[in-house]
């Protein structure tokens, strides 16, 4: 398991977590859900970012059918040292929603699978995590054939979730493959601080795998 990857990434004051506070405060869960991808990347990989109290408070019932938010809140609770069952409840609820989701295209399937991986690994199902990683590997040829900069940036961010999961379940070969892809596309990520977090995570996992 990779325990120290977050400690090796570049510091950032991106405000990506703060950006979710306002939509959550006004009850606009759909708007908050749309911001989850980069925020979840930062939550998992950037040990320097401050976590707003408002993001660890919402219950699973309050977040309703918003799996990205459920995963994010659970990850932040675990990061804060929450030893209660609350993080697990969020992860389990998110996994159930994500398993029932129908992806619109391969990139959307990668997005959903990445969040499902964080949830299943989060509540300790390593076997499900490995199955999810196998699916990510199957999707790679379909999602890496992109030339559009915006799509490349999204791909780099979304691949950090299965990269993190691969490290947690000791799938080092898969982690190395994903790290190389993340680093390849990290330059397209904006803002620059997020690009640094993404590229730094890739380098950390490459280093852990002995590159």
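Here are the numbers for the structure shown:
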item	result
Least to most buried among 90, 185, 172 (fewest other Cβ within 10 Å first)	172, 185, 90
Acute angle (nearest 10 degrees) that the helix 192-208 long axis makes with the longest principal axis of the chain, alpha-carbon atoms	60 degrees
Likely footprinting exposure, 82, 30, fewest C-beta neighbours within 10 Å first	30, 82
Length added when fully stretched, residue 138-residue 22, from 0.36 nm per residue minus Cα-Cα	38.0 nm
The chain, helix-only ellipticity at 222 nm - DSSP H runs n ≥ 4, -39,500 (n - 2.57), divided by all residues, nearest 500	-20500 deg cm²/dmol
10 Å binning of all Cα-Cα separations within the chain, expressed as whole percents from 0 upward	9, 38, 40, 12, 0
Nearest-ten-degree value, helix 126-143 long axis tilted from longest Cα axis of the chain	60 degrees
On Cα atoms only, tilt of 36-45 relative to the major axis of the chain in degrees	70 degrees
Spin-label model distance (nm) - residue 172 vs residue 65, 7 Å beyond Cα toward Cβ	4.4 nm
Fewest-first ranking of 79, 183, 115, using other Cβ atoms within 10 Å as the exposure measure	79, 183, 115
Euclidean distance between Cα centres, the stretch 30-82 to the stretch 94-157, Å	18 Å
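Every number here is computed from the coordinates shown, using simple stated rules; none is lab data. Everything numeric in this text was worked out from a predicted model, so none of it was measured. Note: ideal-geometry Cβ built from the backbone for every residue, glycine included; neighbour counts use all protein chains shown.
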